[in-house]
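The structure appears right after this line, and notes come after that.
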Amino acid sequence: PVVNVFESSPSKHHVNKSTKSTMVSNNNNQQHHVVYLTGGNGFLGSMIVKLIEEDDRVSKVYCPVRAKKDQSAKQRFTEAFQSFSKCEYVDPSDDLPEDTTHVILNAYNTRFKEPIGKKLSENVTPMVRILDQCESRSGQIQGITVVSTAYVQPPAPYRAPAGGRIPFFFGEAPQLSPFGLYNDVIDLYNKEGEEDITSVLPQGVTVHPYYESNDYAFSKHIMENLIHERYANLPIAIVRPSMIYPTRDGSHGQGSKAGIPLFMSIAPHPVMLAPRCEGQLNYVFVEDSAADCLDGALTEASLDHPIVMSTSRAETSAMDMLRYWAPEVKRVKTDNKVRRDMVRRWELTKIRVAAGARKAKLIDAMYENYDFFMSNTWLLEAKHDTAPLEFMECGRKFIKIMSEDSKPKKKKANPLKKLRRKGKSGSNTRVAVTGKDRFEGNVMSDLSGQTLASTRSFDSLARQESFRA
């Protein structure tokens, strides 16, 4: 069911109250668990680290970190985790530390459009390596969380069967082996860089249309079924978050360049003026999803591989979301494709003129990546009974913090500088500013939203140009 965006009081909704699966024989009352966490320096992973820091059940968390660009792995680790006492660095290529008791596999590239072979090679293959090590340590690994996505299932009218497992099927073909398909795709990608998965499917077998449009969801679908097939003897919980919001106070996720924090960052600016508005998206706060991931490993994991829906009862369209966060920005709500395309062309042209082709290309890519999500509704079972208005208010808090952080700090006036600028007549000389200077000073810095179209020239340019659909 769709819930009113502006509902403030909680109501009964489709909240999951099912009993937990049978647990494997382990002593989860035992303290001093040691967690191995991948993706700990990301948006969700860093919140898991914060919860672990406050959780008396866990005494240590290993955080593998890779080198990136001009930073070494240890430099990145120190930058991300220096304020946490329980974090210890480990090289991602090393084996699991001997004292590891629980594993949370959270690292994953969230790009939607990417060759499926590359997606599996870079994200699922490291998981397989870690799970193989867990399998070789019989009894030592007490629980494992694998982070998937609620959008691994196709949109409505599809509804996941009882238990949440989505069958591994392609068209009308008999069920295929997930691990066999995974190996075939990886082999093909490593040999030829092949992007077309149909070349490794049996004749006449086709991919579900939803997965053709979203390689991220498709790779997660393969990952889940591969785990069920290959690691039936490991205690695993699969956690499926929906769209992840920052914390309720809007503080966590500042500067993030993906997902909901990215949309919050650009909401106050004249971009994404014509998003799709037909669908209803589901949301969950990052602290709730992080708790689901941690509890998945510590308490939920079993040989049944339970599916933990990290979702809420709050559902709304992307347009209502953006309008609530930034009512001052005039966005066009329409299901008319011709009008929507016209607005988008106008918008991208203005961005290209004011900020360059690269910025226009980034906004265009956001439209392309999120159109499918924003135009569909998913029939998801809800877990967290969170009022929809809490999510909308979180966006406003996030934007307020972002705007305060981006304000330039006032510098103390230099009296000598003022004297040097005095003319012979005693009046201050005016400094001429050319159009080129004004334009270059107003270029958007990046999509993190810190200075995205924040200057008046870009706003005035948008106001000056009128259009009729």
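Condition first: in contact with a helix residue (DSSP H, G or I) (Cβ under 8 Å, 6 or more places away or on another chain), of a type in the set (A, V, I, L, M, F, W, C) and surrounded by fewer than 22 Cβ atoms within 10 Å (Cβ to Cβ). Now tell me which residues in the stretch 90-106 satisfy that. Full working, then the answer.
From the stretch 90-106, those in contact with a helix residue (DSSP H, G or I) (Cβ under 8 Å, 6 or more places away or on another chain) are 91-92, 95-96, 102-106; that's our starting set.
Okay, now just the ones that are also of a type in the set (A, V, I, L, M, F, W, C), so 96, 103-105.
The answer is Leu96, and nothing else.
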Exercise. Looking at this structure, is Ser121 out of contact with any Asp or Glu (no Cβ under 9 Å at 6 or more places or on another chain), small (Gly, Ala, Ser), surrounded by fewer than 20 Cβ atoms within 10 Å (Cβ to Cβ) and assigned to a loop (DSSP other than H, G, I, E, B)?
Worked result: no
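Report yes if Arg137 is closer than 15 Å to Tyr62 by Cβ, touching a residue at least 12 places away in the same chain (Cβ under 8 Å) and among the charged types (D, E, K, R), otherwise no.
Values: closer than 15 Å to Tyr62 by Cβ: yes; touching a residue at least 12 places away in the same chain (Cβ under 8 Å): yes; among the charged types (D, E, K, R): yes.
So Arg137 fits the description; yes.
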Seminar exercise, completed: Residue hits (the stretch 53-71; open to solvent by less than 70 Å² (accessible area, probe 1.4 Å), among the charged types (D, E, K, R) and assigned to a strand (DSSP E or B)) are Lys60
Seminar exercise, completed: Matching residues in the stretch 110-126 (in contact (Cβ under 8 Å) with a residue 24 or more places away in the chain and out of contact with any Ser or Thr (no Cβ under 8 Å at 6 or more places or on another chain)) number 10
Problem set entry | Search result, residues across the stretch 100-115 that are part of a loop (DSSP other than H, G, I, E, B) and either among the aromatic types (Phe, Trp, Tyr) or more than 12 Å from Gly39 (Cβ to Cβ) (or both) | Thr100, Thr101, Tyr108, Arg111, Phe112, Lys113, Glu114, Pro115
For this session: For Arg420, work out the one condition from (1) over 27 Å from Gly164 (Cβ atoms); (2) out of contact with any Phe, Trp or Tyr (no Cβ under 7 Å at 6 or more places or on another chain); (3) modelled with pLDDT of 85 or more it doesn't fulfil.
Result: (3)
Seminar exercise, completed: The number of residues in the stretch 367-392 that are open to solvent by less than 30 Å² (accessible area, probe 1.4 Å), over 19 Å from the mean Cα position of the chain (by Cα) and of a type in the set (A, V, I, L, M, F, W, C) is 1
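Among the residues of the stretch 345-364, what is the count of those that are touching a residue at least 60 places away in the same chain (Cβ under 8 Å) and open to solvent by less than 50 Å² (accessible area, probe 1.4 Å)? Lay out the reasoning, then the answer.
Keep residues of the stretch 345-364 that are touching a residue at least 60 places away in the same chain (Cβ under 8 Å), which gives 346-347, 350-351, 353-356, 359, 362-363.
When the remaining residues are screened for being open to solvent by less than 50 Å² (accessible area, probe 1.4 Å), the result is 346-347, 350-351, 354-356, 359, 363.
Of the residues in that region, 9 qualify.
Considering only residues that are in a helix (DSSP H, G or I) and free of Cβ contacts under 8 Å to residues at least 24 places away in the same chain, which ones fall in the stretch 78-97? Before you say what the answer is, go through the steps one by one.
Of the residues in the stretch 78-97, the ones in a helix (DSSP H, G or I) are 78-81.
Scanning the stretch 78-97 gives Thr78, Glu79.
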Problem set entry | Near pairs, Cβ below 7 angstrom, 6+ apart or cross-chain, from the stretch 372-401 (under 26 Å from Ser251 (Cβ atoms)) to any residue that is acidic (Asp, Glu) | His384/Asp288; Ala387/Glu7; Pro388/Glu7; Leu389/Glu7; Lys397/Asp249
Exercise. Taking interchain pairs and intrachain pairs at least six residues apart, which have beta carbon atoms under 9 angstrom, with the first residue in the stretch 327-342 and charged (D, E, K, R) and the second part of a helix (DSSP H, G or I) and modelled with pLDDT under 90?
Worked result: Lys330/Ala462
Exercise. With Arg248, Arg276, Arg240, Arg230 as the choices, which residue is open to solvent by less than 10 Å² (accessible area, probe 1.4 Å) and basic (Lys, Arg)?
Worked result: Arg240
Exercise. Can you list the helices (runs of 4 or more DSSP H) found entirely within the stretch 295-384 that contain at least 3 residues being touching a strand residue (DSSP E or B) at 6+ places or on another chain (Cβ under 6 Å) and acidic (Asp, Glu)?
Worked result: none
Exercise. Would you pick out the residues in the stretch 259-288 that are in a helix (DSSP H, G or I) and of a type in the set (Asp, Glu)?
Worked result: Glu287, Asp288
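The values are calculated or read from the model by the stated rules, or taken from the named source; none is laboratory data. Because the structure is a prediction, the values reported are computed rather than measured. Cβ: placed from backbone, ideal geometry, glycine included. Neighbour counts: every protein chain shown. Note: accessible area is taken over every heavy atom of the protein model, side chains too, but ligands, DNA and RNA are not part of it. Shrake-Rupley method; radii C 1.70, N 1.55, O 1.52, S 1.80 Å.
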